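Asks: Below you'll find the structure I mean.
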Amino acid sequence: SAGTKMYSYVGSSPAAQVKVSDSPAYGKLPPPAVEKKGVMVYRAGERVGFSELKHHVGWMEKHPSNGCVYAAGSGKLRAYKVAADGMLEEFSSADALGNPAHFCLSADGAWALCANYSASTLSVLPIAADGSVGAATDSKHHVVRLNPQLADRQEACHPHQVRLDPGSGAWALACDLGASRVWVYAFDA
């Protein structure tokens with residue numbers, strides 16, 4: 001409706017891009033004097049505030065119906081309630097079985113699928129009716145023979161995105177940098 005406030009959220013991450021010598025940003029930007037952990041909150045392009053947290057969060061996604069926002073950070077999938085001013089308050093989290101680079105929510109909002117880059121895993125976590133995140137109910141560990149000529153960046157499987165097909169939601173597709181492939185799994189929630 002016209003009276004609904006729409007907010008945008010931008011997660012934080014460590015300042016690795018300016019601290020790692022082979023990063024494209026290395027030497028071009030000074031490291032920040034203070035590294036804050038949390039989420040920047042915007043409304044209509046203007047900064048509303050900063051929800052300071054005890055951890056960095058990366059990928060964030062709004063639930064399709066319960067009004068909560070979910071974020072991946074520090075090895076967990078985290079659930080946040082949204083206050084009237086757009087600020088976030090964490091009320092639930094669960095182990096994602098790795099450190100998710102990306103996750104997606106099922107169209108019905110009952111499931112979260114996580115792509116855990118460093119752990120070479122995918123995990124499936126339930127979302128309860130109250131919006132809380134439950135313990136993982138399924139996982140897949142990616143292991144394949146890798147191309148030794150790409151060992152500088154592809155030394156292991158690195159799933160970095162997972163999506164459900166938009167037509168039926170019956171297939172989970174996971175992009176994997178290390179394996180140089182897209183894994184396809186049946187999803188029968």
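Asks: Residues to consider are Glu61, Glu89; find the one that is outside any loop (DSSP other than H, G, I, E, B), surrounded by fewer than 18 Cβ atoms within 10 Å (Cβ to Cβ) and touching a Leu at 6+ places or on another chain (Cβ under 7 Å).
Replies: Just one listed residue meets the conditions, Glu61.
Asks: Follow-up question, since we're still on this one. Please find, among Leu77, Leu97, the residue that is crowded, with 17+ Cβ neighbours inside 10 Å, modelled with pLDDT of 95 or more and part of a strand (DSSP E or B).
Replies: Unique residue meeting the criteria: Leu77.
Asks: Give Ala79, Ala110 a once-over and let me know the one that is touching a Gly at 6+ places or on another chain (Cβ under 9 Å) and within 24 Å of Asp165 (Cα to Cα).
Replies: When all the criteria are applied, what remains is Ala79.
Asks: Given the conditions (1) assigned to a loop (DSSP other than H, G, I, E, B); (2) at pLDDT 90 or above; (3) over 21 Å from Val162 (Cβ atoms); (4) open to solvent by 10 Å² or more (accessible area, probe 1.4 Å), which single one is not true for Gly49?
Replies: The number of the failed condition is (1).
Asks: Moving to a separate point now. Give the residue that is modelled with the lowest pLDDT, with candidates limited to residues of the stretch 12-26 that are small (Gly, Ala, Ser) and open to solvent by 70 Å² or more (accessible area, probe 1.4 Å).
Replies: Ranking the candidates gives Ser21 first.
Asks: What are the residues in the stretch 168-181 that are open to solvent by 40 Å² or more (accessible area, probe 1.4 Å), under 17 Å from Ser139 (Cα atoms) and more than 18 Å from the chain's Cα centre (by Cα), if any?
Replies: Matches in the stretch 168-181: Trp171 only.
The values are calculated or read from the model by the stated rules, or taken from the named source; none is laboratory data. Just so we're clear, the structure is a prediction, and the values are computed from it rather than from any experiment. In this analysis, Cβ positions are derived from the backbone assuming ideal geometry, glycine residues included, and neighbour counts consider all displayed protein chains. SASA here: full protein model, heavy atoms, side chains in, ligands and nucleic acids out. Shrake-Rupley method; radii C 1.70, N 1.55, O 1.52, S 1.80 Å.
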